[in-house]
Ligand code: ADP
């Protein structure tokens, strides 16, 4: 039945994901994606009643123009769905130090999200554009907007994980610490893993790997996240599409003092020109790298470095488990689809007890979930993420 629908909006730095779903029945009525914001060709793709649509909406399109298209050309034409929306859930990457759970959005919350921009400079501004435009476009529902934060999942991390070894004052006075990101996805796949492994969530010991354009690993011990690879901002940790992940901080001083680059130039290099794009010199898109793995030296090297770093993180998080490790979980566009990454990474972890099932691994992609290891191995699972569903559930709890 078309009632109690939640509109979920995920305004990313260069993409926008949107969907309308009923969190109770889990039925999705409409879903879509804006790709390539600020690039030569911006497309909106959406799916409604089983029919797929794709429209080119112009060049160098910004968030506002793309959102206007979604509101005016997609949503307003579906009156039956549109009129049954009871709440709007926004993915917000960083809640700063004050917010640790999903909240109804008001002026104070908007201020908190604004104040947290330095911690997620690429993401929070985009999240705010979405929030403000939705409040303007849906005045009737302006008091039914909920922010669901990626950082909430990391609130119970111990100081041993979230503090950097810099003078304590910088944490006390300036709140410099590890905050984590992708919490919504790690949270969702953890709850799915608890169902697949038939183990109480509060007893669950797993390592979740969200591998997409942005990538991160989280260690979950007894149902609580105890460490994660993303830090003060989503720049730390794994090799990502265009972000460097971990580097020696001295590289920044070297680039500044020896090469003469400005702080802004270095920031752009580390966030937009590094990672898989910087290493391969060609693309941040894993589809390309996977296809050219055996023929292009650069593609091979970037994928190998990506897996090398990932396996090191997984191995180090095994030390954080109390008694046993129940599973490693792969999710995100790469984790769900690229068997090559799962195979290379798990092979490096053979000594830790992982033995991949090559055939099963090859078969799991395109939204399938399942086990990719043999019986005598510590299980490795592929679980497609569903951030929209978790956001819709959280939103319904608050507005419902
Ligand atoms: P985001 O962090 O933007 O949500 P996604 O989780 O959608 O990212 O993942 C994007 C990455 O996943 C890209 O590198 C893309 O190439 C890769 N990817 C998505 N689908 C596939 C696929 N079928 N095969 C290989 N790589 C894929």
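The values are calculated or read from the model by the stated rules, or taken from the named source; none is laboratory data. Small disclaimer: the values here were computed from a predicted structure and weren't measured. Every residue, glycine among them, receives a Cβ derived from its backbone with ideal geometry; neighbour counts consider all protein chains shown.
Structure notes:
- Residues of region 56-86 satisfying the condition of being more than 25 Å from residue 123 (Cα to Cα) and assigned to a loop (DSSP other than H, G, I, E, B): 76, 77, 78, 83, 84
- Residue ID - nearest to residue 276 (Cα to Cα), chosen from residues in region 340-351 that are within 12 Å of the ligand (Cβ to nearest atom) and buried (at least 21 other Cβ atoms within 10 Å of the Cβ): 341
- Total residues in region 371-388 satisfying the condition of being within 16 Å of the ligand (Cβ to nearest atom) and over 19 Å from residue 103 (Cβ atoms): the figure is 6.
- Selection status of residue 188, under 22 Å from residue 397 (Cα atoms) and either crowded, with 23+ Cβ neighbours inside 10 Å or within 16 Å of the ligand (Cβ to nearest atom) (or both): yes
- The number of residues in region 200-212 being surrounded by 20 or more Cβ atoms within 10 Å (Cβ to Cβ) and either without any contact (Cβ under 8 Å) to a residue 12 or more places away in the chain or more than 12 Å from the ligand (Cβ to nearest atom) (or both) comes to 4.
- For residue 176, the requirement of being without any contact (Cβ under 8 Å) to a residue 40 or more places away in the chain and more than 19 Å from the chain's Cα centre (by Cα) is not met.
- Enumeration of residues in region 94-112 that are in contact (Cβ under 8 Å) with a residue 12 or more places away in the chain, within 21 Å of residue 174 (Cβ to Cβ) and out of contact with any helix residue (DSSP H, G or I) (no Cβ under 6 Å at 6 or more places or on another chain): 97, 112
- Selection status of residue 302, farther than 24 Å from residue 366 by Cα and crowded, with 19+ Cβ neighbours inside 10 Å: no
- Taken over region 213-229, the criterion of being assigned to a loop (DSSP other than H, G, I, E, B), under 18 Å from residue 273 (Cα atoms) and either at pLDDT 95 or above or more than 14 Å from the ligand (Cβ to nearest atom) (or both) is satisfied by no residue.
- Residue in region 28-44 that is within 22 Å of residue 144 (Cα to Cα), touching a residue at least 24 places away in the same chain (Cβ under 8 Å) and part of a loop (DSSP other than H, G, I, E, B) present: no
- Residue selected from region 352-362 under the condition in a helix (DSSP H, G or I) and touching a residue at least 12 places away in the same chain (Cβ under 8 Å), by the criterion farthest from the ligand (Cβ to nearest atom): 352
- Single residue of region 286-335 satisfying the filter (in contact (Cβ under 8 Å) with a residue 60 or more places away in the chain and either part of a loop (DSSP other than H, G, I, E, B) or over 22 Å from residue 236 (Cβ atoms) (or both)) that is nearest to the ligand (Cβ to nearest atom): 327
- Cβ-Cβ under 6 Å pairs, at least 6 apart or on other chains, region 213-233 side closer than 20 Å to residue 197 by Cα and without any contact (Cβ under 8 Å) to a residue 12 or more places away in the chain, far side part of a loop (DSSP other than H, G, I, E, B) and within 16 Å of the ligand (Cβ to nearest atom): none
- Positions within region 255-284 being away from the ligand (no atom under 16 Å from the Cβ) and surrounded by 18 or more Cβ atoms within 10 Å (Cβ to Cβ), in sequence order: 270
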